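First up is the structure itself, then whatever we jot down about it.
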There are 4 protein chains.
Amino acid sequence: MLNVGLLGAGRIAGVHATAISTNAGSRLAAVSDINAEAAAKLATQYGTTARSTDDILADSSINAVLIATSTDTHSDLIERATAAGKAVLCEKPVDLSLARAQACAKAVAKTGRPVMIGFNRRFDPNFAALKSSLDKGEIGKAELLSITSFDPAPPPVAYIKVSGGLFRDMMIHDFDMANFIMGAAPVSVSAVGSSIVDAAIGAAGDVDTAVVTLTYADGRIAVIKNSRRAVYGYDQRVELLGSEGLLQAQNMLENTVVKSTTAGVTGAKPTYFFLERYMPAYAAEWAAFVTAVTTNSALPVTLADGVAALAMAEAATLSAKSGAPVKLATVTA
Amino acid sequence: MLNVGLLGAGRIAGVHATAISTNAGSRLAAVSDINAEAAAKLATQYGTTARSTDDILADSSINAVLIATSTDTHSDLIERATAAGKAVLCEKPVDLSLARAQACAKAVAKTGRPVMIGFNRRFDPNFAALKSSLDKGEIGKAELLSITSFDPAPPPVAYIKVSGGLFRDMMIHDFDMANFIMGAAPVSVSAVGSSIVDAAIGAAGDVDTAVVTLTYADGRIAVIKNSRRAVYGYDQRVELLGSEGLLQAQNMLENTVVKSTTAGVTGAKPTYFFLERYMPAYAAEWAAFVTAVTTNSALPVTLADGVAALAMAEAATLSAKSGAPVKLATVTA
Amino acid sequence: MLNVGLLGAGRIAGVHATAISTNAGSRLAAVSDINAEAAAKLATQYGTTARSTDDILADSSINAVLIATSTDTHSDLIERATAAGKAVLCEKPVDLSLARAQACAKAVAKTGRPVMIGFNRRFDPNFAALKSSLDKGEIGKAELLSITSFDPAPPPVAYIKVSGGLFRDMMIHDFDMANFIMGAAPVSVSAVGSSIVDAAIGAAGDVDTAVVTLTYADGRIAVIKNSRRAVYGYDQRVELLGSEGLLQAQNMLENTVVKSTTAGVTGAKPTYFFLERYMPAYAAEWAAFVTAVTTNSALPVTLADGVAALAMAEAATLSAKSGAPVKLATVTA
Amino acid sequence: MLNVGLLGAGRIAGVHATAISTNAGSRLAAVSDINAEAAAKLATQYGTTARSTDDILADSSINAVLIATSTDTHSDLIERATAAGKAVLCEKPVDLSLARAQACAKAVAKTGRPVMIGFNRRFDPNFAALKSSLDKGEIGKAELLSITSFDPAPPPVAYIKVSGGLFRDMMIHDFDMANFIMGAAPVSVSAVGSSIVDAAIGAAGDVDTAVVTLTYADGRIAVIKNSRRAVYGYDQRVELLGSEGLLQAQNMLENTVVKSTTAGVTGAKPTYFFLERYMPAYAAEWAAFVTAVTTNSALPVTLADGVAALAMAEAATLSAKSGAPVKLATVTA
């Protein structure tokens, strides 16, 4: 039984609290947050106590922490928690700075503690089934990967300004998805982007629509498409052409009702946003973490995976600015 | 090469003229119609001549006739054409009177000439593929058949009055489809119907919405649903549950475009009516007739099939009136 | 806050325990079962205590009971619980005997306590969305309803023998669905059935494949199809033709992955059985019960609904045996 | 009535011969081919005569020619036919050399004769419906276009060697589709390609898998994906994200039958190749040409469109070799 300290008490922390509580192998032992009221409320709802982060890290009865705080605290908390002997599941990204994330990985390596990064989409039943089908050889060898990832609506410009930019904030999930499916890092990253959805996003120095092409040493190619706005809902699809077929993971819909009238044949929209779409993925992600930590087996997503995705985001950011492809090696070196 | 006389020059005759002309094994030799103008126009369009029906039947260079005249002339023309030695493809139904159709079948039998009834839906690529899958054993043994057959809009009440009623005029196609799929006649026919679409249809003594349940000697069951009005278009589906799976032949759509907006995910409607939906079926039907006649092999649909479907329509009409199931044997005896 | 006693500790009781525990308006106060071990285990898992049914009913701090025991105990427990002042949610069916269920309804009426019957499918997001669309007038007036309800595999013959037969045990859910959609009881019930899936089911006096046609006073028609075996999974669909369109609630699938190979284009199967398919429905059902009871508002499904569905099952059983339609009034009189 | 000379008697010429013959506004007046036997056979089948190209061009009773010869003859024949006063529909591409195509356009301009290039996909009912929906404003303003275009199997390497390469031979259709949908030429073209399907294609200096990203002056982006091999059939899809929604034109399937078994839910494959998929498009293309020429109205696709697509192919070829984006203006200047 893992005794878990939850660092953070915001919306996503609530999702994790449910996963921790309903998993038979884990127990929510404590919650902390800089907002004491939020921490207290979450603790009450899940029958646990609100404590300080220091307290939680110092408590040797707590085996693991789940870090769901703001991005700028991730690296520090990962280092402190592993130094204190905890197993860690940390929300993505590791950090907005690649150098800081790389330093964090070195520090963690010295502790030998397991750190998993919360790339929850790997645990989505649809993407996991696609990957499983590929691994069974059902479409032969992978050749051409396409990832479509559109948010329903752009975040406030104030958020955009501190987000690290679309490639680090939004597409980072898709970079990890590419790594998950392709099982290798790309050689080169070529990005184009524009602020066609909202000029204010462009004025803030970011893009809201982007396409990234990845090439691999063995000739494979991947394309990632991002938009900050798909008015019909959260559009999350993966498509993979292989030597013996095609795999497509399509959107989940709000319901299965289809209406046929003189106006056409209309079905439900995709589930609206990530909480609706990825709720089962969060539970599966936590279950995988608990299993790996309690059985001392390999984590399904590692801190190195977090660093790798961040390096791709860095390369894409550079490429979109320069207008030329960027070799990933020039970024990670 | 079949030299073909086309009896009738209405809308459906035009469809058949195209099929005859584009088939490499047949040639449109002549057209007749009680409306001389219509016959002349069709003849000109297809590079042939308009003649009288008597002429066509008397012309020994004409091997086959396609009967696309009004229903009340079918039995007579079948008898005359076969007596004149022609091979015949006749539009459904054989006759509105079961007794007359049975007499026609006896007369034809004496001539030994091949007569095929135009149950074109057997040649629809979708229904044909469903039947082929069943015959290959892909869903094991058939158990429960469902046929959905809705017209886009009811015909004029004037037509309803001379149509023979929904079961003889509209559901007859579905009775033949049941016979095609099940490969056997049912034991009993149980019908309910109402005039919920248009009270004037009820006032004319007919129904516009009906459900018929067929039971088979070996325990299989079939259900046929008819409505004279599906505002979204021609709804033509077949679904078959078997011991090892389910087969569904779905509607053909006007195009494959799907639009996702805040209002939902909308695709195209089914093709509007029988000419759009069954155009490929008419060509395939004619090709099958040509092949069978020119190679002296068995016809894929026979006059006996036409009589069988008519008997089921008769039984359904009786059942809907009496409110009790009707044994098919009591009708055909 | 409802304090809830859960009567029964079997598989479906576990589902209800989760719903009670996670609903913010209810609390699992106690569990009872004739199998003391099962009750103790469930109580431990959900942090409550196992007590006797007598104890629970006598405890005035418990406001509501959820009855998830075997069918033969339902009527008695409903009567005892309402006499003790509890609000009740009872699993379907009320009883296998229509007379007993009617007597139960009379007894309950005297107590004035609210009793809801667990027709969980009304709370399925898909069927609920279909009903909502109908109620908004999106397809005009209802005309022809079709319900497809196939189990993945037949139960053991030993179960069949005590089940009350397919119409009472399995199709009862579909009778209630028809009542839910149509908003009225039918006038006549016409049933055919056979034991084509498993001859042993026929030998036990039951059918495994059945079709029931319902007619309504205003001319509407409904068809229900049941099979005990659809090897591809739990097949639960509703389709409604209206004067201005068609609504279809389709199956939920295990995932959204589609694979295209030389063998065709293959997607996932429907979710396997009722726990997978209806898990969200159980939670929504409980939430609706809690809301109605705590706000003293009308229950969305009543004991009268349970009696009505049972009467239709009785009529269908009679019709399948006699081979003739049965007026519902002759059964309920 | 257009009297039409058909130049070429190969497979695609046969498709055009049917379109010319069945269109009420045109008549197949003559056929020519360097293979006299092929020309004679086609002429016989369609009831016309085989003549020399010189003869056809010299015959003043022939108003229009359809050029369906090998690519290397297109520019010359367009120039000769327009000089002879004919209206021209020429199969794509205009030429493999951009300079030659540009010279051809200049020569044609002097004659004032109408020349349409055979980008048949614009007339596909699905892509045409998508474009129509966009033009009606149904998804607001276009933002991000994706074109998927996979052949079922690669051509022989011998063909590859004379094809001009994937970008000129295969993706040229997709460049025109982008121009059709976006209504503007892109500013820059960025291409990656590899020979992952067949190493022999790489050895011949070509690629078999490629991704091209196009950027537009107003911030819009388009992505085109090509593969020479999709074993499940011809994969031809267009997807367009707009400010108010998404449009997707999906594949056409061989039939609508769906089979559900323990192995999953399987539907038919896409139609196999371009003749099956685009047969209706060829007829619609010809009809549009006849209408424009006989009413002296604007052609829906012009020679300039053919040159524009070729320029994009040139830019993509350069970009794939250099590894850097290419400004379209540097190619067309």
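Within segment C:5-92, which strands (runs of 3 or more DSSP E) (wholly inside it) include 1 or more residues that are surrounded by fewer than 19 Cβ atoms within 10 Å (Cβ to Cβ) and without any contact (Cβ under 8 Å) to a residue 24 or more places away in the chain?
Numbers: elements: C:26-32, C:64-67, C:87-91.
Correct list: empty, since no element meets the threshold.
When you go through D:Thr22, D:Thr53, D:Thr18 one by one, which is the residue that is polar (S, T, N, Q) and farther than 28 Å from D:Arg277 by Cβ?
Values: D:Thr22 fails: farther than 28 Å from D:Arg277 by Cβ; D:Thr18 fails: farther than 28 Å from D:Arg277 by Cβ.
After ruling out the rest, the residue left standing is D:Thr53.
Under 6 Å by Cβ, and 6 or more places apart or on different chains, what pairs join a residue from segment D:122-142 that is away from chain B (no Cβ under 11 Å) with one that is of a type in the set (S, T, N, Q)?
Between residues of segment D:122-142 that are away from chain B (no Cβ under 11 Å) and residues that are of a type in the set (S, T, N, Q), the close pairs are D:Lys141/D:Ser243.
Within segment C:174-204, which residues are away from chain B (no Cβ under 13 Å) and in contact with a Ser or Thr (Cβ under 7 Å, 6 or more places away or on another chain)?
C:Asp174, the sole residue that qualifies.
Could you check segment D:93-138 and list, in sequence order, the residues that are touching a helix residue (DSSP H, G or I) at 6+ places or on another chain (Cβ under 7 Å), in a loop (DSSP other than H, G, I, E, B) and not aromatic (Phe, Trp, Tyr)?
D:Pro93, D:Val94, D:Asp95, D:Leu96, D:Arg113, D:Pro114, D:Asp124
What number goes with the only condition from (1) surrounded by fewer than 19 Cβ atoms within 10 Å (Cβ to Cβ); (2) closer than 27 Å to A:Ala101 by Cβ; (3) assigned by TED's automatic domain parsing to the domain that holds A:Lys136; (4) of a type in the set (A, V, I, L, M) that A:Ala263 does not pass?
Among (1) surrounded by fewer than 19 Cβ atoms within 10 Å (Cβ to Cβ); (2) closer than 27 Å to A:Ala101 by Cβ; (3) assigned by TED's automatic domain parsing to the domain that holds A:Lys136; (4) of a type in the set (A, V, I, L, M), the lone unmet condition for A:Ala263 is (2).
Scan (1) in contact with a strand residue (DSSP E or B) (Cβ under 9 Å, 6 or more places away or on another chain); (2) away from chain C (no Cβ under 14 Å); (3) closer than 30 Å to A:Ala203 by Cβ; (4) not in a helix (DSSP H, G or I) for the single condition A:Pro155 breaks and write down its number.
(1)
Look through segment B:309-333, keep the residues that are within 13 Å of chain C (Cβ to nearest Cβ) and hydroxyl-bearing (Ser, Thr, Tyr), and return whichever of them is surrounded by the most Cβ atoms within 10 Å (Cβ to Cβ).
Per the criteria, the residue is B:Ser319.
Which condition number in (1) under 22 Å from D:Leu247 (Cα atoms); (2) more than 14 Å from chain D (Cβ to nearest Cβ); (3) among the aromatic types (Phe, Trp, Tyr) is the one that A:Phe167 fails?
(1)
Do we find that C:Ala288 is within 14 Å of chain A (Cβ to nearest Cβ) and either in contact with a Cys (Cβ under 7 Å, 6 or more places away or on another chain) or of a type outside the set (Asp, Glu) (or both) in this structure?
Against the criterion (within 14 Å of chain A (Cβ to nearest Cβ) and either in contact with a Cys (Cβ under 7 Å, 6 or more places away or on another chain) or of a type outside the set (Asp, Glu) (or both)), C:Ala288 does not qualify.
Within segment B:235-252, can you find the residues that are modelled with pLDDT of 95 or more and within 18 Å of B:Arg121 (Cα to Cα)? Let's see the steps before the verdict.
Step one: list which residues in segment B:235-252 are modelled with pLDDT of 95 or more, which gives B:235-251.
Hits for segment B:235-252 are B:Asp235, B:Gln236, B:Arg237, B:Val238, B:Glu239, B:Leu240, B:Leu247, B:Gln248, B:Ala249, B:Gln250, B:Asn251.
Looking only at residues in segment B:266-308 that are of a type outside the set (Val, Ile, Thr), surrounded by fewer than 19 Cβ atoms within 10 Å (Cβ to Cβ) and without any contact (Cβ under 8 Å) to a residue 24 or more places away in the chain, which one is farthest from A:Asp151 (Cα to Cα)?
B:Asn296
If you scan segment D:241-265, which residues turn out to be at the interface with chain B (Cβ under 7 Å from one of its Cβ atoms), assigned to a strand (DSSP E or B) and either farther than 18 Å from D:Ala129 by Cα or out of contact with any strand residue (DSSP E or B) (no Cβ under 7 Å at 6 or more places or on another chain) (or both)?
Correct list: D:Val257, D:Val258, D:Lys259, D:Ser260, D:Thr261.
Can you report the number of residues in segment A:275-327 which are more than 18 Å from the chain's Cα centre (by Cα) and not in a helix (DSSP H, G or I)?
Result for segment A:275-327: 9.
Considering each residue of segment D:229-240, count those that are more than 7 Å from every other protein chain (Cβ to nearest Cβ) and either in contact with a helix residue (DSSP H, G or I) (Cβ under 7 Å, 6 or more places away or on another chain) or of a type in the set (Val, Ile, Thr) (or both), and give that number.
Result for segment D:229-240: 4.
Testing A:Thr215 on (1) closer than 14 Å to A:Ala316 by Cβ; (2) more than 12 Å from chain D (Cβ to nearest Cβ), one condition comes back false. Which one is that?
(2)
Residue by residue through segment A:242-294, note down the ones that are over 30 Å from C:Gly140 (Cα atoms) and of a type in the set (Ser, Thr, Tyr).
Answer for segment A:242-294, where residues must be over 30 Å from C:Gly140 (Cα atoms) and of a type in the set (Ser, Thr, Tyr): A:Ser243, A:Tyr278, A:Tyr282, A:Thr291, A:Thr294.
Results for (1) touching a strand residue (DSSP E or B) at 6+ places or on another chain (Cβ under 9 Å); (2) at pLDDT below 95; (3) not assigned by TED's automatic domain parsing to the domain that holds B:Asp54, shown as yes or no for each residue.
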position: B:Ile78; (1), (2), (3): yes, no, no
position: B:Leu96; (1), (2), (3): no, yes, no
position: B:Ile139; (1), (2), (3): yes, no, yes
position: B:Ile147; (1), (2), (3): yes, no, yes
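Among the residues of segment A:1-21, what is the count of those that are of a type in the set (Val, Ile, Thr) and touching a helix residue (DSSP H, G or I) at 6+ places or on another chain (Cβ under 7 Å)?
Residues meeting the conditions: 3.
The values are calculated or read from the model by the stated rules, or taken from the named source; none is laboratory data. All values derive from a computational prediction rather than experimental measurement. Cβ sites come from the backbone with ideal geometry, for glycine too, and all protein chains shown count toward neighbours.
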